[in-house]
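Presented below is the structure to which this report refers.
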Amino acid sequence: MDVPIHVIRYFCVLAEELHFGRAAERLSITPPSLSQQISRLEQQLDVKLFDRSPRKVELTSYGRQLLPLARRVMDDHDQLLSWGRSIQRDQRTPLLRVGVVAAGAGALTTAAIAATMNAVPDARIEMRRLGFFDVGSELENGRVDVVFAPAPMPLPPRIRTEPLWREPRVLVVPAEHPLAGRDSVSIVETNDEVFVAVAGGVPEVVDWWIVDPRPDGSRVKRGPTADSVDGLFELVAAGAGVNIAGQSASRQYRRDELVFLPISDIEPATIVLCSLSDSTNPMVHTFRETAQALSPLVDATFH
């Protein structure tokens, strides 16, 4: 048995109005057409749903039993249509999912997002914080469209990188550390320190961040590890060791227990914008152009 949804609606409206003329007007059909549709429904169900007379229309006992079921069907149908319309709206709305590793590109991250929202006012921007070594997999799996991340880092061939920002690296120490009162330090002054570092990372990348080996050939003393910036800084605050981070971390992760000291004699960190080279999302191209226009490294090359 197949009862069309429009016939169920006809039944519900007539059950509310109990008048063929008024119900037909609400449904934008003629009273004879409505009467014919209701008669067909009764024949199909093999029950009488309405008692009709020249003076009134009333629901039968079967009609009263059917009414809550029919209303439930109509409610479900309306919800389905509403859901479908919302999906269509979402598909028409430009979407950009932005991933950020650590502090990203600092103030440039915020400026690029704000400029993109101004350029595409109806765009929906979703932010997601990523782990140090999640960039490639998150982009290839489609969970993010662009990522602000520090270089160097290993990436699949499909990932396009564009340099946006360079910033000094800083030594992160507990507030009570002997070096905490200094304006800056040299890397050799940290040779006796224990360094906390990223867990499970690519060794060459971890070595670059903690400068191992040192210019004098000495090796770094390594301590506990963590899989996030918050975890690393928690270890530093607890006195488990020191760490090296980009300068923007001093603003993004500021806390009383930590001091961020510029390191005077190591190369700065480069923040790159990562995206799939074959991305079909037009918002990716827009965001690339916006970020490049704001970047002081717009003429640089980096792969």
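General observations
- Among the GluC sites (Glu not before Pro) within the range 88-178, those in coil by DSSP and having at most 16 neighbouring Cβ atoms inside 10 Å are Glu176.
- For Lys221, the residues 5 or more places off, or on other chains, whose built amide H falls under 5 Å of its own are Phe195.
- Extreme residue, positive dipole direction of the range 5-91, given options Met74, Ser53, Gly84 (C-beta unit charges): Ser53
- Candidates Ser39, Ser53, Ser279, ranked by Gaussian network fluctuation over the chain, Cα under 10 Å, top entry: Ser53
- Choice from Ala226, Ala291, Ala197 with maximal GNM fluctuation in the chain (Cα, 10 Å cutoff): Ala226
- Computed over the chain with a Gaussian network model linking Cα atoms closer than 10 Å, the most mobile of Leu80, Leu59, Leu261 is Leu59.
- Label selected from (1) 157; (2) 132; (3) 216, the criterion being volume of the Cα convex hull per residue in Å³ as computed here: (3)
- The calculated FRET efficiency for Ser33 paired with Leu95, based on their beta-carbon distance and R0 = 41 Å, is about 0.40.
- Estimated D of the range 5-91 in µm² per second, where Rh is the Kirkwood radius over Cα pairs and Stokes-Einstein applies at 20 °C, 1.002 mPa s: 155 µm²/s
- Fewest-first sequence of Asp134, Asp192 by Cβ atoms within 10 Å of each Cβ: Asp192, Asp134
- Per the Cα gyration tensor, the range 182-303 maps to an equivalent ellipsoid with semi-axes of 31, 17, 16 Å, ordered largest to smallest.
- Cα radius of gyration and Dmax for the range 37-85 (Å): 13.9, 42
- Against the main long axis of the alpha-carbon atoms of the chain, helix 61-92 sits at an angle near 40°.
- Rounded to 10°, Cα long-axis angle of helix 107-119 versus longest principal axis of the chain: 30 degrees
- Cα gyration tensor, the range 174-225 - rounded (a/c under 1.5), prolate or oblate: oblate
- Based on DSSP H segments of at least four residues, each scored -39500 (n - 2.57), the chain has a per-residue ellipticity at 222 nm of -12500 deg cm²/dmol.
A short reminder: the numbers here are calculations on the coordinates, not readings from a lab. Please read these numbers as outputs of a predicted model, since none were measured by experiment. Cβ: placed from backbone, ideal geometry, glycine included. Neighbour counts: every protein chain shown.
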